[in-house]
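Peer 1: Following this message is one structure expressed as structure tokens.
The values are calculated or read from the model by the stated rules, or taken from the named source; none is laboratory data. None of the values given here were measured: they were computed from a predicted structure. Backbone-built Cβ (ideal geometry, glycine too); neighbour counts: all protein chains shown. Heads up: the accessible areas ignore ligands, DNA and RNA and are worked out on the full protein's heavy atoms, side chains in. Shrake-Rupley method; radii C 1.70, N 1.55, O 1.52, S 1.80 Å.
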Amino acid sequence: MTLQDLFRYVSQNPSPYAMALVCVPLLALLLNMWSGKTAEEVLRFKYGYTVLVYVAAIPGIFALTLGVYLFLFERQSVWQMNLITQVLPVITMAATLWIIRQKIPFQYVPGFGKLSGFLTLIAALMGILFFLDRLHFYAFTYVPFVYLVAGFVGLLLVIRFAWSQLF
């Protein structure tokens, strides 16, 4: 089964996938109601919040990356967007993160920094690849490939450092 086959199946049978994505923000609302009012009570549920963040963010980041790839590299039209596989996961991620942030700061959610770092790395990589794609970079050079890879990794490290200094 290819990724295209999976998306075709989800598009033909959207109900289970859509219901699963809609349940994630609802579970965040329920957890907000159960977690209590004081900071000590809320922090007891930090691992529950972690699970909800990851359940919402992994499909959301994947859909966001896929959408950027389809629009920038495959030249897909906005009119051909699949709402179930490309838009609903991003909306679910945004809604879930907003609901969770109302109750607990993200600095207390274990692993959230790793997730934002991963998103930063994906965004930087997509930006670099788009730049190289637009540049039509065809190099016939005597520079060893190892130096090109080292420069690419160095550029990623600089972007990561700059991002960490911004936020």
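Peer 1: Relative to the first principal axis of the alpha-carbon coordinates of the chain, what is the inclination of helix 88-103, with its axis defined by its Cα atoms, in degrees from 0 to 90 and to the nearest 10?
Peer 2: Tilt of helix 88-103: around 50 degrees.
Peer 1: Averaged per residue, what accessible area in Å² does the chain show with a 1.4 Å probe, protein chains only? If you can, show how the numbers build up before the last one.
Peer 2: Working: 11600 Å² over 167 residues.
That works out to 69 Å² for each residue.
Peer 1: Still on this model: Note the full-extension length gain between residue 41 and residue 77 as 0.36 nm times their separation in residues minus their Cα-Cα distance, in nm to one decimal. Before the final figure, lay out the partial values.
Peer 2: Working: separation 36, 0.36 × 36 = 12.96 nm, distance 4.74 nm.
Using 0.36 nm per residue and subtracting the Cα-Cα distance, I get 8.2 nm.
Peer 1: Then there's this: Would you look at the GNM of the chain, springs on alpha carbons closer than 10 Å, and say which of 147, 108, 49 moves the most?
Peer 2: 147
Peer 1: What FRET efficiency comes out for the pair residue 91/residue 2, r = Cβ-Cβ distance, R0 = 25 Å, nearest 0.05? Walk me through the numbers on the way to the answer.
Peer 2: Details: r = 26 Å, r/R0 = 1.02.
Efficiency for this residue pair is about 0.45.
Peer 1: Next question. Filter the GluC sites (Glu not before Pro) in the range 11-77 to those in DSSP coil with at most 13 other Cβ atoms within 10 Å of their Cβ, and list the result. Each step should come with its number before you reach the end.
Peer 2: Values: sites: 40, 41, 74; in loops: 74.
Those satisfying the criteria are 74.
Peer 1: When all protein chains stay in place, what accessible area (Å², nearest 10, 1.4 Å probe) is found for residue 91?
Peer 2: 100 Å²
Peer 1: How far is helix 3-12 tilted, in degrees, relative to the longest principal axis of the Cα atoms in the chain, given as a value from 0 to 90 rounded to the nearest 10?
Peer 2: Between the helix axis and the principal axis of the chain, the angle is about 40 degrees.
Peer 1: Let me ask something additional. Would you calculate a helix-derived [θ] at 222 nm for the chain, using -39,500 (n - 2.57) for each DSSP H run of n ≥ 4 and dividing by the full residue count, to the nearest 500?
Peer 2: Numbers: 7 runs with 125 residues, N = 167.
Result for the chain, helices only: -25500 deg cm²/dmol.
Peer 1: What is the extension gain from residue 30 to residue 147, computed as 0.36 nm multiplied by their sequence separation minus the C-alpha to C-alpha distance, in nm to one decimal?
Peer 2: Length difference between fully extended and current span is 36.9 nm.
Peer 1: For the range 56-141, what does the alpha-carbon gyration tensor say about shape, rounded, prolate or oblate, given a ≥ b ≥ c as the root eigenvalues, a/c under 1.5 as rounded, and a/b over b/c as prolate?
Peer 2: Numbers: a/c = 4.19, a/b = 1.57, b/c = 2.67.
In terms of gyration-tensor shape, oblate.
Peer 1: Based on Cβ point charges of +1 for Lys and Arg and -1 for Asp and Glu, what charge dipole magnitude is obtained for the chain about its Cα centre, in debye rounded to the nearest 20? It would help to have the intermediate numbers written out before the result.
Peer 2: On the way: 10 positive and 5 negative charges, 60 e Å.
Charge dipole, the chain, about its Cα centre: 280 debye, nearest 20.
Peer 1: Still on this model: With unit charges on the beta carbons (Lys and Arg positive, Asp and Glu negative) and the dipole taken about the Cα centre of the chain, which residue among 13, 115, 1 sits farthest to the positive side?
Peer 2: Farthest towards the positive end: 115.
Peer 1: I'd like the distance separating the alpha-carbon centroids of the range 38-64 and the range 80-135, in whole Å.
Peer 2: Between the Cα centre of the range 38-64 and that of the range 80-135, the gap is 13 Å.
Peer 1: Oh, and also: Can you give me the % of accessible surface on the range 1-118 that is carbon or sulfur? Probe 1.4 Å, all protein chains present, nothing else counted. Don't jump to the answer; show the numbers that get you there.
Peer 2: Working: 5150 of 7430 Å².
Exposed carbon and sulfur together represent 69 percent of the surface.
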